[in-house]
1. Pull up segment 132-163, narrow it to residues that are more than 16 Å from the chain's Cα centre (by Cα) and within 19 Å of ALA105 (Cα to Cα), then point me to the one that is least open to solvent (accessible area, probe 1.4 Å).
2. Would you mind finding the one in ALA75, ALA105 that is closer than 26 Å to LEU125 by Cβ and without any contact (Cβ under 8 Å) to a residue 24 or more places away in the chain?
3. Of (1) in contact with a helix residue (DSSP H, G or I) (Cβ under 7 Å, 6 or more places away or on another chain); (2) at pLDDT below 95; (3) open to solvent by 40 Å² or more (accessible area, probe 1.4 Å), ARG10 satisfies all except one. Which?
4. Could you list, in sequence order, all residues of segment 81-95 that are open to solvent by 30 Å² or more (accessible area, probe 1.4 Å) and either closer than 18 Å to GLY142 by Cβ or modelled with pLDDT of 95 or more (or both)?
5. In segment 19-59, what residues are outside any helix (DSSP H, G or I) and touching a Cys at 6+ places or on another chain (Cβ under 8 Å)?
6. If we scan segment 103-112, do we find a residue that is open to solvent by 30 Å² or more (accessible area, probe 1.4 Å) and hydroxyl-bearing (Ser, Thr, Tyr)?
7. List pairs: first in segment 46-72 and closer than 22 Å to SER155 by Cα and at pLDDT 95 or above, second open to solvent by 50 Å² or more (accessible area, probe 1.4 Å) and in a helix (DSSP H, G or I), Cβ under 6 Å, 6+ apart or cross-chain?
8. Against the definition (within 19 Å of LEU34 (Cα to Cα), modelled with pLDDT under 95 and among the aliphatic types (A, V, I, L, M)), how does VAL150 come out, yes or no?
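The values are calculated or read from the model by the stated rules, or taken from the named source; none is laboratory data. Fair warning: this is a prediction, and the values are worked out from it, not measured in the lab. Every residue, glycine among them, receives a Cβ derived from its backbone with ideal geometry; neighbour counts consider all protein chains shown. Accessible surface areas use protein heavy atoms only, side chains included; no ligands, DNA or RNA. Shrake-Rupley method; radii C 1.70, N 1.55, O 1.52, S 1.80 Å.
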Amino acid sequence: MFKRVNSGIRFLVGIALCVLVRLVPHPPNFEPVLGFTLPFAKKYGKYFGLAFAVLAMASIDFVTGRLGWWTVYTAGAYGVIGFIAGVWGKNLVGFTRTAGFTVAATLFFDATTAFLFGMQFNQPLAVTFAGQVPFTAMHLAGNLFFVLAVSPLVSRFLVQDYAPAAVRAAS
């Protein structure tokens, strides 16, 4: 039964869990999107990674009542990251590569979204990037936590064909 769960259902459950985790009280800029996206992108590929990241980010903004133009560019930036994770999926193994990808992805996301956010609200670029520094530090900490600690659990219990020992024995 567990092995036959289709990828679409896993995808929807993953989105729902990602949104629920985001609703739990957390430090500023700790969000689970990258930690949930990586296992799906690695297993199912670039388009699945892109779709998961975009829908997770848009769903979080929808559920929290914060839909806006930022939803388009934050979801788009995470979509690019999900796509790249799907392309490089098999190479994202081990602590060093996974942590390195997480740092690079976070810096790409924060630089892209800061620039677009600043343009949207007509902020000077220097002000935007000065304000971005503490945001990025917290975002890096959060993404490293979710990717290194939570992502393996998502992979094992949701993305991979995992069945508890009792279920395997009964089959």
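1. Pass one, segment 132-163, residues more than 16 Å from the chain's Cα centre (by Cα): 132-135, 137, 156-157, 160-163.
With the extra rule that they be within 19 Å of ALA105 (Cα to Cα), the set shrinks to 132-135, 137.
Numbers: GLN132: 28, VAL133: 99, PRO134: 78, PHE135: 69, ALA137: 60 Å².
The qualifying residue least open to solvent (accessible area, probe 1.4 Å) is GLN132.
2. Answer to the check: ALA75.
3. (3)
4. Answer for segment 81-95, where residues must be open to solvent by 30 Å² or more (accessible area, probe 1.4 Å) and either closer than 18 Å to GLY142 by Cβ or modelled with pLDDT of 95 or more (or both): PHE83, ILE84, VAL87, PHE95.
5. Listed by number, the list holds a single entry, PRO32.
6. yes
7. Hits for this filter: LYS46/PHE83; LYS46/VAL87; GLY49/PHE83; LEU50/PHE83; ILE60/ARG22.
8. Working: within 19 Å of LEU34 (Cα to Cα): yes; modelled with pLDDT under 95: no; among the aliphatic types (A, V, I, L, M): yes.
The answer is no for VAL150.
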